[in-house]
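Down below is the structure, laid out as structure tokens.
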Amino acid sequence: MKIYETKTAPNPRRVRMFLAEKGINVEYVQVDIQKGENLSAEMRAKNPLGKIPILELDDGTCIAETDAICTYFEALQPEPPLMGTTPVEKATISMWQRQVEFAFMMQIGMCFQHTTGYFKDRMTPVPEYGKEAGINASKYLNILERRLGVKEYIAGDTFSIADITALCAMDFARVVKIRMTDDHINLARWYESVSNRASAKA
């Protein structure tokens, strides 16, 4: 199997981190998204949306979307569990993962795309929208701060895929100058902890 990705992009990093936690090694094929290689007919045959990462299995089956790829590997190798083991754990992790992705990571992505014009050759940037998305992402830091005041990790007492998504989003947020403040004491504690995991360097 192989994974098509771009080393510098945040979503592929989420998959690499997830697999590093599992101790799973796969072949990575680099795709230059700045040059639009992900939009080629060959890549669209693997994922019609032209997005990465994409997992291609040995039989040619292609699985796109970060969550879907991680779900596949969680089922393939349940240990260590990163998506929960009990019904409550699975639902709680899924809830936080979804909220972090939509309320934080996606907002950062929209801020980046619409304020930098990085993809202006394939989309119409709306700077006002990008600015508002950045504000929304900054506000979400306060939600994480409160949550991490009562739990060690975002979804509970154990490290999970929700922490991976949040870390990758926070690191990417620096590109659009979204950062923690001195008031984010609990968030800073969490950030130092997860940043020091070996998988964070994947």
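The values are calculated or read from the model by the stated rules, or taken from the named source; none is laboratory data. None of these values were measured; they are calculated from a predicted model. Ideal geometry is used to build each Cβ from the backbone, glycine not excepted, and the neighbour counts take in all protein chains shown. SASA here: full protein model, heavy atoms, side chains in, ligands and nucleic acids out. Shrake-Rupley method; radii C 1.70, N 1.55, O 1.52, S 1.80 Å.
Being over 22 Å from Ala173 (Cα atoms) and outside any helix (DSSP H, G or I): is that true of Pro125 here? No: the conditions fail for Pro125. Total residues in segment 72-118 satisfying the condition of being open to solvent by less than 50 Å² (accessible area, probe 1.4 Å) and charged (D, E, K, R): the figure is 2. For segment 175-192, the set of residues classified as in a helix (DSSP H, G or I) and free of Cβ contacts under 8 Å to residues at least 40 places away in the same chain consists of Ala188, Tyr191, Glu192, listed by residue number.
Residue check: is Tyr28 touching a Leu at 6+ places or on another chain (Cβ under 9 Å), surrounded by fewer than 19 Cβ atoms within 10 Å (Cβ to Cβ), under 20 Å from Pro10 (Cα atoms) and without any contact (Cβ under 8 Å) to a residue 60 or more places away in the chain? No; evaluated as a whole, the condition is false for this residue.
Let's see how each residue does on (1) of a type in the set (Phe, Trp, Tyr); (2) touching a Phe, Trp or Tyr at 6+ places or on another chain (Cβ under 6 Å); (3) under 21 Å from Gly109 (Cβ atoms); (4) in a helix (DSSP H, G or I):
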{"site": "Lys131", "(1), (2), (3), (4)": "no, no, yes, yes"}
{"site": "Gly134", "(1), (2), (3), (4)": "no, no, yes, yes"}
{"site": "Ala137", "(1), (2), (3), (4)": "no, yes, yes, yes"}
{"site": "Tyr140", "(1), (2), (3), (4)": "yes, yes, yes, yes"}
{"site": "Glu145", "(1), (2), (3), (4)": "no, no, no, yes"}
{"site": "Val150", "(1), (2), (3), (4)": "no, no, no, no"}
{"site": "Leu167", "(1), (2), (3), (4)": "no, no, yes, yes"}
{"site": "Ala173", "(1), (2), (3), (4)": "no, no, yes, yes"}
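Suppose we filter segment 119-149 for residues that are closer than 29 Å to Gly84 by Cα and open to solvent by 20 Å² or more (accessible area, probe 1.4 Å); how many remain? Total satisfying the criteria: 9. Condition check: under 28 Å from Asp121 (Cα atoms) and open to solvent by less than 20 Å² (accessible area, probe 1.4 Å). Does Ile3 satisfy that? Spelling it out, Ile3 is indeed under 28 Å from Asp121 (Cα atoms) and open to solvent by less than 20 Å² (accessible area, probe 1.4 Å).
One residue stands out in segment 61-71 among those that are open to solvent by less than 40 Å² (accessible area, probe 1.4 Å) and out of contact with any strand residue (DSSP E or B) (no Cβ under 9 Å at 6 or more places or on another chain): the one that is farthest from Asn47 (Cα to Cα), namely Cys70. Restricting segment 150-202 to residues that are of a type in the set (Phe, Trp, Tyr) and open to solvent by less than 30 Å² (accessible area, probe 1.4 Å) leaves a set whose member that is farthest from Lys22 (Cα to Cα) is Trp190. Listed by first and then second residue, the pairs with beta-carbon distance under 9 Å, at least 6 apart or on different chains, first residue in segment 109-128 and at positive phi, second in a helix (DSSP H, G or I), are Gly117/Pro127. Look at (1) in contact with a Ser or Thr (Cβ under 6 Å, 6 or more places away or on another chain); (2) open to solvent by less than 40 Å² (accessible area, probe 1.4 Å); (3) among the small types (Gly, Ala, Ser) and you find that Ala9 fails only one, number (1).
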